[in-house]
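Engineer: Mind having a look at this structure? Questions to follow.
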Amino acid sequence: MSVLVYLIPAALLLGLFGLGAFMWALKSGQFEDLEGAANRVLRDDDLPEDQREHHDE
Amino acid sequence: MTAQPAPASFSGSDELTGFVTMVDGETAHIDLAVEGLRCAGCMAKLERGISSLDGVSKARVNLTSKRMAVEWTGPSQTPSSIINAVSGLGFKAYPFDPDRLEAAADAEGRGLLRALAVAGFAAANIMLLSVSVWSGNVTDITPETRDLFHMLSAVIALPAVAYSGQTFFRSALAALRAKSLNMDVPISLGVLLAVGMSLFQTFSHAHHAYFDSAVMLLFFLLIGRYLDHTMRRRTRDFAANLAALRAETATKLLADGEAKTLPVSAIETGDLVLVKPGERLAVDGIVESGTSEVDQSLVTGETVFARAEPGTVVYAGTLNQGGVLQVRVTAAGQGTLLDDVNRLIEKAFAVKNRYVALADRAARVYAPVVHTLSALTFLGWLAFDAGWEKSLVTAIAVLIITCPCALGLAVPAVQVVATGRLFKAGILLNGGDALERLARVDTIVFDKTGTLTMPDAVIAGDQVVDEATLKLAARLAVSSSHPLAKALASAYPESSPVDGAHEEAGKGVVATLDGAELKLGSAALCGVSDSQRDAAQKAAGFASLIWLARENGEVLPIRIGQALRPDAGETVHVLQAKGYRVEILSGDRQDIVDGVAADLGIASGQGGLAPADKIARIEALKADGHSVLMVGDGLNDAPALAAADVSISPVTAVHLSQAAADAVFLGDRLAPVITALAVSRRARAIMGQNLWLAVIYNMVAVPIAIAGFVTPLIAALAMSGSSILVTTNALRARFAGGKA
């Protein structure tokens, strides 16, 4: 059972890491506009000109 | 300088500075409500277009709240130039009054989300340990390991409960201080007792601890709270957008003669404001100079224009139809019409029996029943000599298992889904319990002007002139900004303007076509004699007249009137077919109301009503046991909207009416009223089902708990099972009222 000494802290730390990441995301305003975020991933203006699909203008 | 309320093309240099806030010394910031924002493409186009402007450092669209924040430095941009750029891209933007933009960062929502995250983290990790204990209990876990796991659970649960539970503890304390019970009292009691008992059991090396139940309970309940909050937040955001779209601005004349557009909140008593033709007054006041006619239909329901000249008192919400007016702003609270209306609204709200929301009624029954059951369980087990420890454990188990996960989700989940469905149909709700009140409606009272009829004038169907004359008049009308001329021009959108046509402010349009002079405008402009004008007006009934002087010397009246909304007849018919009783209550004249009522097949139409008369009629209906929905838009409807059980306004309604109404619908069609009723009935039915599901769950779970068989495993399964069931059921509200 000595393996628990490593596994439990590891599990808790991973969980805490996730919680911290969420708090950071919340603080940096990433939950302010969920609908916008869902649509922003579809934008391709970060790609070079020749790889874009032209459909929105 | 351009007309309100369509500020899509401000052209002045800095007349909108009242809307700008400075971020630091140099960077200016403005928030805009943007109309027509729907998709990713629009968002990309708008952000790209605006951020490429000279001097703009930030252009960020919020697609959820349909707003855009723009920041810029230097003199190369002004608020007007940015709004013009937005309209150049095909969107309408309206500046936001910074005073109205209450704490954009949603502190309460963030707090709830943080608490939710902590509870989620704790619930998952404690569950990890609990599952190990449960499986170990039936196999070979050593007592030392179990104690260690329980200790670890305690270490996670205590801070998590202390942090995430605050919302509930605070509200429970507040209720207890007020010597009353709310849902949060049993929740707080359940959670705290569960944690306390589990601590005790941990130290007495027991087989079971309830840390997981306590934290999971908080997690599920916080989901319900967050959904509830999101819905309210969303409706508040849209209400604020609406206020901006309604363009509640006024043009203030400064001492040096300069004109400046300001939010209404920045206008003070004694200021002089400029009201252009076609502009809606945003303040009450006395005309200082200029003469005009004002359309008071939104205020009084009366469709015939009233004359305004120096000394006339004019009211917020009225529409300037003629010349330029300078208005001295008067104090509110001087016995103005607006004031009377406000007093009536307050009275109506005070008298109105506040509808008790379904969830609150459930809570009223729930709290005493649960506390009694738990206390009886404790006493019962004591009576059977089970010892106080075993008795207490069982009693607490009853508290935990009855804790209202499902109940806490049952109503908010349906509200969120149903308001989302209504929003897609163009209906914005002011609050969640409006759904429940809408569902009870059996009588619908419509206002006429602006509600059954379109808010803007159109050319009347019964003209005394031929089509060719109308088309000719429309070509002149294109060059005018007068509302009656606009109605004419919009009837013939293909009309090409006459070269060299010019508008004489407040009179009409003069142009030369093929060497002959044409005039379109007031009777005086066209040289119509008083007797001829009176005769034509008499023949036209209540339509307004605009005159056309033709090249051959003929002078002809063109009738401009009000048109019914395109689907008014069909909507009324559908509502009647569904068994609703439909009435018209209007401030307009009885004969006009009778005409409209006959057209729509409505048996009961009353005209000539003052705001107090409308309230009286609604009170009478309520006294007869009817549940009344009022649909209206005018200032004169606002008290009636407040007095009715539930109320809806079109988006064109005056601000005061929208504030008094429970819902606002967009667009020209009246059909959203049907959708609102259908969706709310469906939502109400699903809420009822959900509450019954919660009751059935309790009827199964409570006897098991009283009998003392509830282990933490059973509690966990029961809680999550019932919560998921209720949430899934709520999703069905999405399909209410036909396809979106």
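Each reported figure results from applying straightforward, stated rules to the coordinates on display, with no laboratory input. Since the model is a prediction, treat every value here as computed from it, not as a measurement. Here the Cβ is made from the backbone with ideal geometry for all residues, glycine too, and neighbour counts use every protein chain on show.
Engineer: Treating segment B:193-234 as a set of equal point scatterers at the Cα positions, no solvent, please give the Debye-formula log₁₀ I(q)/I(0) at q = 0.23, 0.26 Å⁻¹.
Structural biologist: Once normalised to I(0) and log-transformed, intensities are -0.71, -0.80.
Engineer: Further question on the same structure: Send over the semi-axes of chain B's equivalent ellipsoid, whole angstrom and largest first, taken as the square roots of 5 times the C-alpha gyration tensor eigenvalues. Show your work: numbers first, answer last.
Structural biologist: Details: eigenvalues 752, 175, 89 Å².
Over the Cα atoms of chain B, the semi-axes work out to 61, 30, 21 Å.
Engineer: Still on this structure: Based on the alpha-carbon gyration tensor of segment B:550-623 and its eigenvalue square roots a ≥ b ≥ c, which shape applies: rounded if a/c is under 1.5, prolate if not and a/b is larger than b/c, or oblate?
Structural biologist: Taking the square roots of the gyration eigenvalues as a ≥ b ≥ c, segment B:550-623 is oblate.
Engineer: If you don't mind, there's one more thing I want to ask. Nearest 10 degrees is fine. How inclined is helix B:143-164 to the longest principal axis of chain B, computing both from alpha carbons?
Structural biologist: Between helix and principal axis, roughly 30 degrees.
Engineer: Using the count of nearby Cβ atoms within 10 Å as a rough guide to exposure, how do B:THR394, B:THR64 rank from fewest to most?
Structural biologist: Placing the least packed residue first, the sequence is B:THR64, B:THR394.
Engineer: Another question, if that's okay. Tell me, what is the Rg over Rh of segment A:4-45, with Rh the Kirkwood radius over Cα pairs?
Structural biologist: That ratio is 1.26, to two decimals.
Engineer: Still on this structure, please answer the following. Work the Kirkwood hydrodynamic radius out for segment B:126-178: mean of 1/r over every pair of different alpha-carbon atoms, inverted, in Å.
Structural biologist: 13.0
Engineer: Label-point separation (nm) for B:LEU176 and B:ALA259, each offset 7 Å from Cα along Cα-to-Cβ?
Structural biologist: Once both label points are built, they end up 6.3 nm from each other.
Engineer: For B:ALA620 and B:ASP140 in the same chain, what is the full-extension length gain: residue separation times 0.36 nm, less their Cα-Cα distance, in nm?
Structural biologist: Fully extending the segment from B:ALA620 to B:ASP140 adds 165.4 nm.
Engineer: Within 10 Å of each Cβ in A:31-42, how many Cβ atoms from other chains are there, averaged over the peptide?
Structural biologist: So the per-residue partner count for this stretch is 6.
Engineer: Spin-label point model (7 Å from Cα, Cβ direction): what's the B:THR312 to B:ALA383 distance in nm?
Structural biologist: Modelled inter-label distance: 8.2 nm.
Engineer: In sequence order, what are the phi-derived ³J(HN,Hα) couplings for segment B:580-592 according to the Karplus relation 6.51 cos²θ - 1.76 cosθ + 1.60 with θ = phi - 60°, rounded to whole Hz, with x for glycine and proline?
Structural biologist: So the Karplus estimates, Gly and Pro as x, are 7, 8, 10, 9, 10, 10, 9, x, 6, 5, 4, 5, 5 Hz.
Engineer: Same structure, new question: Quick one: Karplus J couplings for segment B:728-733, per residue in order, coefficients 6.51, -1.76, 1.60, θ = phi - 60°, nearest Hz, x for Gly and Pro?
Structural biologist: Rounded to whole hertz, the list is 4, 4, 4, 4, 5, 5.
Engineer: In terms of modelled amide H atoms, which long-range or inter-chain residues lie less than 5 Å from the amide H of B:LEU513?
Structural biologist: B:LEU518
Engineer: Here's a follow-up. Around B:ALA523, under 9 Å between beta carbons, what's the net of Lys plus Arg minus Asp minus Glu among the other residues?
Structural biologist: 0
Engineer: In what order do B:ASP456, B:ASP662 fall by count of nearby beta-carbon atoms within 10 Å, going from fewest to most? Don't jump to the answer; show the numbers that get you there.
Structural biologist: Working: B:ASP456 15, B:ASP662 23.
So the residues, fewest neighbours to most, are B:ASP456, B:ASP662.
Engineer: What net charge do the residues around A:GLY20 carry, taking every other residue with its C-beta under 13 Å from that of A:GLY20, with Lys and Arg at +1 and Asp and Glu at -1?
Structural biologist: +2
Engineer: Can you give the Kirkwood hydrodynamic radius for segment B:458-561, in Å, rounded to one decimal and based on Cα pairs? Before the final figure, lay out each step's value.
Structural biologist: Details: mean 1/r = 0.0748 Å⁻¹.
After inverting the mean inverse Cα-Cα distance, the result is 13.4 Å.
Engineer: Could I ask something else about it? Please report B:MET151, B:MET68 as a ranked list, fewest other C-beta atoms within 10 angstrom at the top and most at the bottom. Could you put the intermediate results ahead of the total?
Structural biologist: Working: B:MET151 14, B:MET68 25.
Fewest-to-most Cβ neighbours within 10 Å comes out as B:MET151, B:MET68.
Engineer: What is the magnitude of the charge dipole of the protein assembly as shown about its Cα centre, with +1 placed on the Cβ of each Lys and Arg, -1 on the Cβ of each Asp and Glu, and no other charges, expressed in debye to the nearest 20?
Structural biologist: 2800
Engineer: How large is ³J(HN,Hα) for each residue in segment B:80-86, as worked out from phi by the Karplus curve 6.51 cos²θ - 1.76 cosθ + 1.60 (θ = phi - 60°), to whole Hz, x for Gly and Pro?
Structural biologist: Coupling constants for segment B:80-86: 5, 5, 5, 5, 5, 5, 4 Hz.
Engineer: Translational diffusion coefficient of the protein assembly as shown at 4 °C, 1.567 mPa s, Stokes-Einstein with Kirkwood Rh over Cα pairs, in µm²/s as a whole number.
Structural biologist: This corresponds to a translational diffusion coefficient of 43 µm²/s.
Engineer: Could I ask something else about it? For a quick check: with amide H placed at 1.01 Å from N, whose amide H comes under 5 Å from B:GLY634's, ignoring anything fewer than 5 positions away on the same chain?
Structural biologist: The answer is none.
Engineer: Between B:ASN84 and B:ALA563, what FRET efficiency follows from the Cβ-Cβ distance if R0 is 35 Å, with the result rounded to 0.05?
Structural biologist: 0.65
Engineer: Could you pull out every residue, at least 5 positions away or on a different chain, whose amide H is within less than 5 Å of the one on B:SER289? Hs are placed 1.01 Å off N in the peptide plane, and Pro or chain starts have none.
Structural biologist: B:GLN326
Engineer: Take the cross-link list B:LYS45/B:LYS486; A:LYS27/B:LYS58; B:LYS486/B:LYS614 and give me the ones stretching past 24 Å between alpha-carbons.
Structural biologist: Flagged as over cut-off: B:LYS45/B:LYS486; B:LYS486/B:LYS614.
Engineer: Starting from the Cα of B:HIS205, move 7 Å in the Cα-to-Cβ direction to define the label point; list residues of segment B:145-159 whose amide nitrogen is under 18 Å from there.
Structural biologist: Those under the cut-off are B:145-152.
Engineer: Here's something else I'd like to know. Dividing the alpha-carbon radius of gyration of segment B:108-245 by 2.2 N^0.38 Å (N being the number of residues), what value is obtained? Walk me through the intermediate numbers first.
Structural biologist: On the way: Rg = 18.4 Å, N = 138, 2.2 N^0.38 = 14.3 Å.
Cα-based Rg divided by the globular estimate yields 1.29.
Engineer: Next question, about the same structure. Once the Cβ-Cβ distance between B:ASP360 and B:HIS502 is put in as r, and R0 is 60 Å, what FRET efficiency do you end up with, to the nearest 0.05?
Structural biologist: Efficiency for this residue pair is about 0.40.
Engineer: How far apart, in nanometres, would the label points at B:ASP456 and B:GLN590 be if each is projected 7 angstrom from Cα along the Cα-to-Cβ direction?
Structural biologist: Each label point is offset 7 Å from its Cα along the Cβ direction, giving 3.5 nm.
Engineer: Based on the Cβ-Cβ distance from B:ALA610 to A:TRP24, what FRET efficiency comes out when R0 is 45 Å, to the nearest 0.05?
Structural biologist: Working: r = 59 Å, r/R0 = 1.31.
Efficiency for this residue pair is about 0.15.
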